[in-house]
Amino acid sequence: MPPCIEINVAIVNQRGLHARAAAKLVAAATSFSAEITIAHNQQVANAKSILGLMMLAASQGGELRVSATGADAEAAAAALKALVESGFNELPE
């Protein structure tokens, strides 16, 4: 059975999970073979679906639960966590 990794991460950027941030998340997620979902407020989306991620309507301070299953699940979860914690590279210097 492939490993399943689950982590929680808070959104730190001011605009939350908007279109550009969601696109960055999808780009990162698609670089992994793992199946990855992201949950927010009882809603779950495929991390490789920009529309699904935007439908989560996650705002600043909201908590995301990243779940990854597959051979590279640990690396995928760590990469997505780092991206969210970086504010999707949108935080002011």
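Across region 3-14, the number of residues qualifying as closer than 13 Å to Val84 by Cβ and out of contact with any Gly (no Cβ under 7 Å at 6 or more places or on another chain) comes to 3. Applying the condition of being in contact (Cβ under 8 Å) with a residue 40 or more places away in the chain and either among the aliphatic types (A, V, I, L, M) or in a strand (DSSP E or B) (or both) to region 7-22 and asking which residue is nearest to Ala45 (Cα to Cα) yields Leu17.
Number of residues in region 22-37 that are out of contact with any Ser or Thr (no Cβ under 8 Å at 6 or more places or on another chain) and either among the charged types (D, E, K, R) or surrounded by 20 or more Cβ atoms within 10 Å (Cβ to Cβ) (or both) equals 5. List every residue pair whose Cβ atoms sit under 8 Å apart, with the two residues 6 or more apart in sequence or on different chains, where the first one lies in region 27-43 and is without any contact (Cβ under 8 Å) to a residue 40 or more places away in the chain and farther than 15 Å from Ala73 by Cβ and the second, anywhere, is part of a strand (DSSP E or B) and small (Gly, Ala, Ser). Filtered contacts from region 27-43: Ala39/Ala45; Ala39/Ser67. Residues in region 44-87 that are at positive phi and free of Cβ contacts under 8 Å to residues at least 60 places away in the same chain: Ala57, Gly61.
Scanning region 1-48 for residues that are over 10 Å from the mean Cα position of the chain (by Cα) and of a type in the set (Lys, Arg) returns Arg15, Arg20.
Laboratory data are not the source of any read-out in this text; all were calculated from the coordinates shown. From a predicted model like this one, the values you see are computed outputs, not experimental measurements. Glycine gets a Cβ as well: all are built from the backbone with ideal geometry, and neighbour counts include every protein chain shown.
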